[in-house]
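Trainee: Encoded as C-alpha cells, here's the structure I'll be asking about.
Any read-out appearing in this document is the output of simple, stated calculations on the displayed coordinates, not a laboratory observation. Computed from a prediction, not measured in an experiment: that's the story for all the values here. All Cβ positions, glycine included, derive from the backbone under ideal geometry; neighbour counts span all protein chains shown.
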Amino acid sequence: MKLPTKEKWLWLVPLIAVLLLWEFTAGYVIKNPLMLPRFSAVIFSIYALRNVLIADTLISLLHFGIGLALAFAAALPLAIGMGWSRNIFKAIDPIIEILRPIPPLAWIPIAMIWFHLTHYAAGFIIFIGAFFPILIDSYTGFRDVPKVLVETGKVLGCISDKKQIKYIAFPYALPSIATGTRVGMGVGWMCVVAAEMFGVSDSGLGYRLFQKFYFLHQMDYVVAYMLVLGLVALCLDRLFRHFVEDKLFKWKKGIVK
Amino acid sequence: MNHKLEIRNLTKTFSTEEGEMGALEDINIEVTPAEFLCIIGPSGCGKTTLLRMVAGLDHPSSGEIILDGKEVKGPSPDRGMVFQEFSLFPWRTVLKNVEFGLEIKGVGGKARGEIAEKYIELVGLQGFENHYPYELSGGMKQRVAIARALATEPAILLMDEPFGSVDAQTRNVLQEELLEIWKRTKKTILFVTHSVDEAVYLADRVAVMSARPGCLVKCLAVNIPRPRKRTSLEANEFREKLLMLLSLERSKACISV
C-alpha cells in the first residue's frame, strides 16, 4: 500500500511534539537535571559517549546473540516434539510449566556460579528469557496443523513422520515460530540489560548504565543509554520483520502489500 | 470382467464411550475401470468413512479393499483424493501445490514442472501458476486440488463431496469440467455426495447407502446418455427414484433413533 507523502510523515508530528514537551518541561518546569535531564543534553551525551557506547552495544549484542541462538536451537526441536506428539507434550509440559514462571533474573546466581563473569553468564539469562516464548509459540504452530493438510500429505506420499514434519508441519508452523522468535527477542533484550545491570557481566549497555552512570548520578548519561537500548531493540525488531516476516510469508493474507 | 476396485465384506465399527458403534456393515462394491461411481446416502451413513478407507486413511474392522489386485493397507499416491474442505497448502503457489506429490516422489525439477503444467491446463488454470491459494476462489481451489490429485497419476480418484463448499452455479460448472477431465484421463472415479442432482448428472452408477450403520441398499446404473441435461425427463425420473430410496432410509433412521 502506498500512502500519500503527507500521511507517510504524519508519525513525525506527535514524536516531535513529545520531544519538545520533554525539552521544555525539563528546562523550564522541573529545572533539575538529576530528576529529568533535557533532551538536548541527552543527545549531547550520546555524542560524547559515542566510542564507549558502540563498544557497549556490541558487547550487549554479543550476549543477546549467544542467548537467542541457544534458545532457538534448544526450543525448536522440543517444539517439534511437543507439537507433533501428544505423548511428548504430556511428558514435558509439566516441567516446562514449572520452570516457565521463574523470572529470568532469578537465575542470575546460578548463572554466576556456573559461568562466572563471562559472556556466557549473560547469554544464559537471555537464553532463559527467550526460550519459553519461542518454545510455546512454535509448538502451538506444530500442534495446530489442520488434519486435512496432514491427510492430503499422506495421500500424496508423505507417509513417515519425518516427511510430514518437513513438508507440512514445518512450513505451516513457520509463522508461529517467527512470532515466538520475535517475542523471544523482545524478552531477551530486556534480559540483556537486567542481566548486565545485576552484575552477570562487567561490560555492556546495562552494566555501564547501572553500575557506572547511575552510581555517579550522571542522569543525562543514564537516559542516553536508555534511548540507545530502545533504539537498538527497535532496529532488531524492524530488521527481523523486514528480512524474515515480509520475505517468508508472502502467502499469508494481510502481510502482503 | 476385471475389476479396478473391489470392496469385500467391509465392516467398520468405532469404539465410543457407550461401546461399539457400527459405522459400516458388510459393504460389497465392485468398480470397473474408468467407471464413475457416486456414493450417496443420508448424512452420517458412513460414506465418507468408506472413501477414507479406500484412501487408506482409516482402517477397516474387517473385510478388504482390493485395488488392481492388491490389498489396500495404507495411504499411497496411487489413490488420489480430493477433500471437501479446502486442502491446498497455503504456503505453496498453485504450481507448487500441483507439484507436491511429484516432489515427494523425487521427480526432478524440470519434469515435475512439465507434468504439473499439463494438469494445470487440464483444469483450466493456466496463468495462475504463481498465485497463492488465498488469491483463488473456492471453485479454483478445488480445481487445483483435482490437478494435484491427478498429477501423481493415481489408479483411482477419490472425491469426498469436493464441490460441497462452493456455490450452486460454480458447482454446475465444476461438474461439467470434471466430466470432461474424466473423459480425457479415463480415470476411475469414486465420488461421495449428498446431492441427488450431482449423482444423477455425473455417475455411471449410483450406490445408495442406508443410515447408520451404513450398508449398501442398492446400486443403480444411470442409463442416461451423455451429455446429460439436468432438466430432462429421464434425469427427473431417476432423481425421483433416488429421492424415494433416500427418504425411505431417512425415515428408518428416525425410527431407530
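Trainee: Taking each residue in B:92-103, count the Cβ atoms of any other chain within 10 Å of its Cβ, then average. What number comes out?
Mentor: 2
Trainee: By average Cβ neighbour count within 10 Å, what is the ranking of A:91-98, B:29-36 from highest down?
Mentor: Values: A:91-98: 11.8, B:29-36: 17.6.
Ranking the peptides A:91-98, B:29-36 by packing returns B:29-36, A:91-98.
Trainee: Continuing with this model, one more query. How much net charge surrounds B:S195 when only the other residues with a Cβ under 10 Å from the Cβ of B:S195 are counted, with Lys and Arg +1 and Asp and Glu -1?
Mentor: Value of the local net charge: -2.
Trainee: Suppose a student asked you for the relative contact order of the range A:41-248, using Cα pairs under 8 Å spaced at least 6 residues apart; what percent would you report?
Mentor: RCO, the range A:41-248: 29 percent.
Trainee: Could you order peptides B:214-221, A:190-197 by the average number of other Cβ atoms within 10 Å of their residues, highest first?
Mentor: Top to bottom by mean Cβ count within 10 Å: A:190-197, B:214-221.
Trainee: Now a separate question. Given R₀ = 41 Å, FRET efficiency for B:N9-A:R241 by Cβ-Cβ distance, to 0.05? Before the final figure, lay out each step's value.
Mentor: Working: r = 59 Å, r/R0 = 1.44.
Step by step, r from the Cβ atoms, then E = 0.10.
Trainee: Averaging over all projection directions, find the projected area of the Cα convex hull of chain B and quote it in nm² with one decimal place. Mind dumping the intermediate values first?
Mentor: Details: hull surface 58.9 nm².
Answer in nm², one decimal: 14.7.
Trainee: A follow-up question, please. How far apart, in nanometres, would the label points at A:H217 and B:N172 be if each is projected 7 angstrom from Cα along the Cα-to-Cβ direction?
Mentor: The answer from the label model is 8.7 nm.
Trainee: Name the residue from A:V155, A:L227, A:G204 whose Cα lies farthest towards the positive end of the charge dipole of the range A:41-248, charges +1 on Cβ of Lys and Arg and -1 on Cβ of Asp and Glu.
Mentor: A:V155
Trainee: Could you estimate the translational diffusion coefficient of the range B:1-101 from the Stokes-Einstein equation, with Rh from the Kirkwood formula over C-alpha pairs, at 37 °C and 0.692 mPa s, in whole µm²/s? All intermediate terms of the calculation are to be shown ahead of the outcome.
Mentor: Numbers: Rh = 15.3 Å.
My calculation gives 214 µm²/s for D.
Trainee: Further question: How far apart, in nm, are two points set 7 Å out from the Cα along the Cα-to-Cβ line at A:I95 and at B:K183?
Mentor: Using points 7 Å along Cα→Cβ, the separation is 6.3 nm.
Trainee: Next question. Per residue of chain A, what 222 nm ellipticity follows from adding -39500 (n - 2.57) for every DSSP H run with n ≥ 4, rounded to the nearest 500?
Mentor: Values: 11 runs with 172 residues, N = 257.
After summing the helix terms and dividing by residue count, I get -22000 deg cm²/dmol.
Trainee: Please determine, in degrees from 0 to 90 and to the nearest 10, the orientation of helix B:94-105 with respect to the longest principal axis defined by the Cα atoms of chain B, where the helix direction is its Cα long axis.
Mentor: With rounding to tens, the tilt is 80 degrees.
Trainee: Okay, moving on. Taking square-rooted eigenvalues a ≥ b ≥ c of the alpha carbon gyration tensor, is the range A:9-91 rounded, prolate or oblate, where a/c under 1.5 means rounded and, failing that, a/b exceeding b/c means prolate?
Mentor: prolate
Trainee: Moving on. Starting from the amide H of B:A34, placed 1.01 Å from N in the peptide plane, find each other amide H under 5 Å away whose residue is 5 or more places distant or on another chain.
Mentor: Amide H to amide H, under 5 Å and 5 or more residues apart or across chains, B:A34 pairs with B:T188.
Trainee: Would you compute, from DSSP H runs of 4+ residues alone, the mean residue ellipticity of chain B at 222 nm, taking -39500 (n - 2.57) per run and dividing by the full residue count, rounded to the nearest 500?
Mentor: Numbers: 7 runs with 98 residues, N = 257.
So the helix-based figure for chain B works out to -12500 deg cm²/dmol.
Trainee: In whole angstrom, note down how far apart the Cα centers of the range A:173-204 and the range B:1-64 are.
Mentor: 54 Å
Trainee: Tell me, what is the percent relative contact order of the range A:78-201, built from C-alpha pairs under 8 Å that lie six or more residues apart? Numbers along the way, then the final one.
Mentor: On the way: 141 pairs, mean separation 46.2, N = 124.
Relative contact order comes out at 37 percent.
Trainee: Could you tell me how far the Cα centroid of the range B:169-183 sits from the Cα centroid of the range A:206-257, in Å?
Mentor: Answer, in whole Å: 56.
Trainee: In peptide A:144-150, how many Cβ atoms from other protein chains are near each Cβ within 10 Å, on average?
Mentor: 3
Trainee: Report the FRET efficiency, 1/(1 + (r/R0)^6), for A:D202 and B:A34, where r is their Cβ-Cβ distance and R0 is 60 Å, rounded to 0.05. List each step's numbers first, then the result.
Mentor: Numbers: r = 79 Å, r/R0 = 1.32.
The value I calculate is 0.15.
Trainee: What dipole magnitude, in Debye to the nearest 20, does the protein assembly as shown give about its Cα centre under +1 on Lys/Arg Cβ and -1 on Asp/Glu Cβ?
Mentor: 960 debye
Trainee: Please identify the helices of chain A, taking whole runs of DSSP H, that span at least 30 Å along their own axis as judged from the Cα atoms and have a mean Kyte-Doolittle score of 0.5 or higher. List each step's numbers first, then the result.
Mentor: Values: long enough: A:50-84 (49 Å, 1.50); A:119-143 (35 Å, 1.10); A:170-197 (39 Å, 0.93); A:219-240 (32 Å, 1.72).
TM-like helix candidates: A:50-84, A:119-143, A:170-197, A:219-240.
Trainee: With +1 on each Lys and Arg Cβ and -1 on each Asp and Glu Cβ, and nothing else charged, work out how big the dipole of the range A:41-248 is about its Cα centre, in Debye to the nearest 20. Please report the intermediate quantities before stating the final value.
Mentor: Working: 16 positive and 13 negative charges, 112 e Å.
Computed about the Cα centre, the dipole is about 540 debye.
Trainee: In addition: What's the Cα-based Rg to Rh of the protein assembly as shown, Rh via Kirkwood? List each step's numbers first, then the result.
Mentor: On the way: Rg = 31.8 Å, Rh = 27.7 Å.
Rg divided by Rh gives 1.15.
Trainee: Using every alpha carbon pair in the range A:8-53, what percent of pairs falls into each 5 Å bin from 0 up to the bin containing the largest distance?
Mentor: 5, 21, 20, 19, 17, 13, 5, 0
Trainee: Also: Quick one: putting +1 on the C-beta of Lys and Arg, -1 on the C-beta of Asp and Glu, what dipole do you get for chain B around its Cα centre, in Debye to the nearest 20? Don't jump to the answer; show the numbers that get you there.
Mentor: Numbers: 33 positive and 35 negative charges, 88 e Å.
The dipole of chain B has a size of about 420 debye.
Trainee: Oh, and also: Whole number please: convex hull volume per residue of the Cα set in chain A, in Å³?
Mentor: Roughly 158 Å³ of hull volume per residue.
Trainee: Would you mind getting me the FRET efficiency between A:L248 and A:K6? Use the beta-carbon distance for r and R0 = 35 Å, nearest 0.05. Kindly include the intermediate steps, with their values, before the conclusion.
Mentor: Details: r = 32 Å, r/R0 = 0.91.
Computed FRET efficiency for A:L248 and A:K6 comes out at 0.65.
Trainee: For B:S137 paired with A:R86, estimate the spin-label separation in nm (one decimal), with each label point 7 Å from Cα along the Cα-to-Cβ line.
Mentor: Rounded to a tenth, the inter-label distance reads 4.0 nm.
Trainee: Between helix B:233-256 and chain B, what is the angle of the helix's C-alpha long axis to the longest principal axis, kept within 0 to 90° and rounded to the nearest 10?
Mentor: 60 degrees
Trainee: Sticking with this one: Among the lysines, select those whose C-alpha is under 19 Å from the C-alpha of B:K183, and discard any that sit fewer than 8 residues away in the same chain.
Mentor: Once the sequence-local lysines are set aside, what remains near B:K183 is B:K4, B:K118, B:K229.
Trainee: Which residues' amide hydrogens lie under 5 Å from the amide hydrogen of B:V82, considering only partners 5 or more residues apart or on another chain, with H built in the peptide plane?
Mentor: B:L158, B:M159, B:D160
Trainee: Just report the Cα centroid separation between the range A:51-130 and the range B:189-208, whole Å.
Mentor: Value for the Cα centre distance between the two parts: 58 Å.
Trainee: Then there's this: Under the Kirkwood approximation applied to all pairs of distinct alpha-carbon atoms, what is the hydrodynamic radius of the range B:55-140 in Å?
Mentor: Computed over Cα pairs of the range B:55-140, the Kirkwood hydrodynamic radius comes out at 14.9 Å.
Trainee: Please go through the residue pairs B:K73/B:K141; A:K162/B:K73; A:K250/B:K96; B:K73/B:K110; A:K31/A:K212 and name each one whose alpha carbons sit more than 22 Å apart in this structure.
Mentor: B:K73/B:K141; B:K73/B:K110; A:K31/A:K212
Trainee: Let me ask you something else. Can you give me the relative contact order of the range B:34-127 as a percent, contacts being Cα pairs under 8 Å and 6 or more apart?
Mentor: 15 percent
Trainee: Continuing with the same structure: If you look at just the Cα atoms of the range B:102-233, how large are its Rg and its Dmax in Å?
Mentor: For the range B:102-233, the Cα-based Rg and Dmax read 16.5, 51 Å.
Trainee: Once you average over the residues of B:83-89, how many Cβ atoms of partner chains fall within 10 Å of each Cβ? Intermediate values should be presented prior to the final figure.
Mentor: Numbers: counts 6, 1, 6, 3, 9, 3, 9.
Taking all residues of B:83-89 together, the mean is 5.
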